[in-house]
1. Which residue, of B:LYS23, B:LYS111, B:LYS127, is within 24 Å of A:ALA79 (Cα to Cα) and among the basic types (Lys, Arg)?
2. Filtering region B:48-64 down to residues that are more than 14 Å from chain A (Cβ to nearest Cβ) and either without any contact (Cβ under 8 Å) to a residue 24 or more places away in the chain or part of a loop (DSSP other than H, G, I, E, B) (or both), which residue is surrounded by the most Cβ atoms within 10 Å (Cβ to Cβ)?
3. Starting from region A:8-20, take each residue that is assigned by TED's automatic domain parsing to the domain that holds A:GLU51 and list its partners that are of a type in the set (Asp, Glu), counting only C-beta distances under 8 angstrom and pairs at least six apart or across chains.
4. Scan region A:96-112 for residues that are in contact with a helix residue (DSSP H, G or I) (Cβ under 7 Å, 6 or more places away or on another chain) and part of a strand (DSSP E or B) and jot them down.
5. If A:ILE36 satisfies every condition in (1) β-branched (Val, Ile, Thr); (2) modelled with pLDDT under 95; (3) within 16 Å of DNA strand C (Cβ to nearest atom) but one, which is the exception?
6. For region B:96-119, name all the residues that are within 7 Å of another protein chain (Cβ to nearest Cβ), surrounded by 18 or more Cβ atoms within 10 Å (Cβ to Cβ) and not aliphatic (A, V, I, L, M).
7. Looking for something within 16 Å of ligand 3 (Cβ to nearest atom) and within 12 Å of A:TYR112 (Cβ to Cβ) - is there at least one such residue anywhere in region B:101-115?
8. With respect to B:SER93, is the statement that it is assigned by TED's automatic domain parsing to the domain that holds B:TYR115, free of Cβ contacts under 8 Å to residues at least 40 places away in the same chain and part of a loop (DSSP other than H, G, I, E, B) true?
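The values are calculated or read from the model by the stated rules, or taken from the named source; none is laboratory data. All figures in this text were calculated on a predicted structure; none of them were measured in a lab. Cβ: placed from backbone, ideal geometry, glycine included. Neighbour counts: every protein chain shown.
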2 protein chains.
Amino acid sequence: MQTLSKNQQIIFDLINKSPEPLKAYTILYNVQKKGIKAPLQVYRALDKLVEIGKIHKIESRNAFIACHNSSCQVAKATAFSICEICEKVTEISNDSLSKYLANFKDKDGMKYIKYNLEFFGLCKKCKVK
Amino acid sequence: MQTLSKNQQIIFDLINKSPEPLKAYTILYNVQKKGIKAPLQVYRALDKLVEIGKIHKIESRNAFIACHNSSCQVAKATAFSICEICEKVTEISNDSLSKYLANFKDKDGMKYIKYNLEFFGLCKKCKVK
DNA sequence: TTAAGATTGTTATAATATAACACTATGTAA
DNA sequence: TTACATAGTGTTATATTATAACAATCTTAA
Ligand SMILES: [Zn+2]
Ligand SMILES: [Zn+2]
Ligand SMILES: [Zn+2]
Ligand SMILES: [Zn+2]
């Protein structure tokens with residue numbers, strides 16, 4: 001368990017209480033009142049938070065979400081579901097899936113140390129509309 | 001089988017013969033001699049080529065690769081392996097994997113219509129170094 | 001023919017991310 | 001306690017990736 005620096009903590013708190021993934025410049029806008037004024041300050045904190053697994057980047061959206069999967073292989077094994085209408089993003093925590101992917105080997109003899117999976121579709125709410 | 005427009009064909013040809021994923025502005029630079037001068041011309045062709053499944057976007061790299069998996073579910077079901085040293089990217093074509101993912105259902109009752117999976121690791125060459 | 005839809009060309013601008021440099025805080029080990 | 005390494009901060013400038021808006025042209029099918 002890592003102690004976060006001031007900027008890291010401010011930015012993690014914001015992401016962690018957000019119901020939706022946040023983009024870097026949205027974060028910047030929201031922490032300016034706390035003294036974080038420049039993009040680099042945000043990106044540096046984001047990099048570190050991703051590295052230690054407190055947050056994940058949703059690559060297809062250039063946005064960041066807090067890890068709600070305390071036992072997960074942090075930055076090394078991530079899976080998300082993304083609603084293409086309301087943009088709701090949920091981290092998938094599924095033993096079968098993570099085992100399957102962790103053990104997956106392709107024919108090229110590549111050794112995988114990390115993966116990221118993004119599912120797209122319609123969430124329960126948007127499906128019925 | 002769709003016929004490509006002029007710009008789409010020029011840009012597809014470039015990507016298709018490239019041994020590595022290409023970024024949009026690299027593409028722009030390389031097709032300027034063919035009369036494509038503006039980023040939008042490139043992005044519009046890329047959007048269409050992705051939509052019809054002739055190319056895929058490698059989200060974690062903001063780069064584009066030709067689909068070498070003629071029977072694949074095109075834009076709807078993609079998987080790649082990415083070497084973190086040499087950045088070699090390979091499209092994974094594996095029936096077990098695609099079946100597993102196509103049938104995957106999470107507990108939220110979300111209906112998936114698409115997925116993208118990126119594995120990271122070391123390719124055979126980089127592993128021995 | 002003609003109208004709809006797709007594609008193109010162009011300029012400007014938005015959104016995302018990093019380089020470079022100087023400085024400060026923190027922990028660790030002689 | 002000092003001094004060294006490592007991590008974090010603040011700042012300005014700039015690079016990279018992507019889209020808005022508008023007018024013109026091409027393609028295709030009723
Ligand atoms: Zn997680
Ligand atoms: Zn939804
Ligand atoms: Zn493909
Ligand atoms: Zn490699």
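1. On the way: B:LYS23 fails: within 24 Å of A:ALA79 (Cα to Cα); B:LYS127 fails: within 24 Å of A:ALA79 (Cα to Cα).
Sole residue among the options that is within 24 Å of A:ALA79 (Cα to Cα) and among the basic types (Lys, Arg): B:LYS111.
2. Top of the filtered list is B:LYS54.
3. If the second residue must be of a type in the set (Asp, Glu), the pairs left are A:GLU20/A:GLU87.
4. Within region A:96-112, the first condition is being in contact with a helix residue (DSSP H, G or I) (Cβ under 7 Å, 6 or more places away or on another chain), and the residues that meet it are A:100, A:104, A:108-111.
Within region A:96-112, just A:LYS111 meets the criteria.
5. (2)
6. Residues satisfying the conditions are B:PHE104, B:TYR112, B:TYR115, B:ASN116, B:GLU118, B:PHE119.
7. There is no residue in region B:101-115 that is within 16 Å of ligand 3 (Cβ to nearest atom) and within 12 Å of A:TYR112 (Cβ to Cβ).
8. So B:SER93 passes the test.
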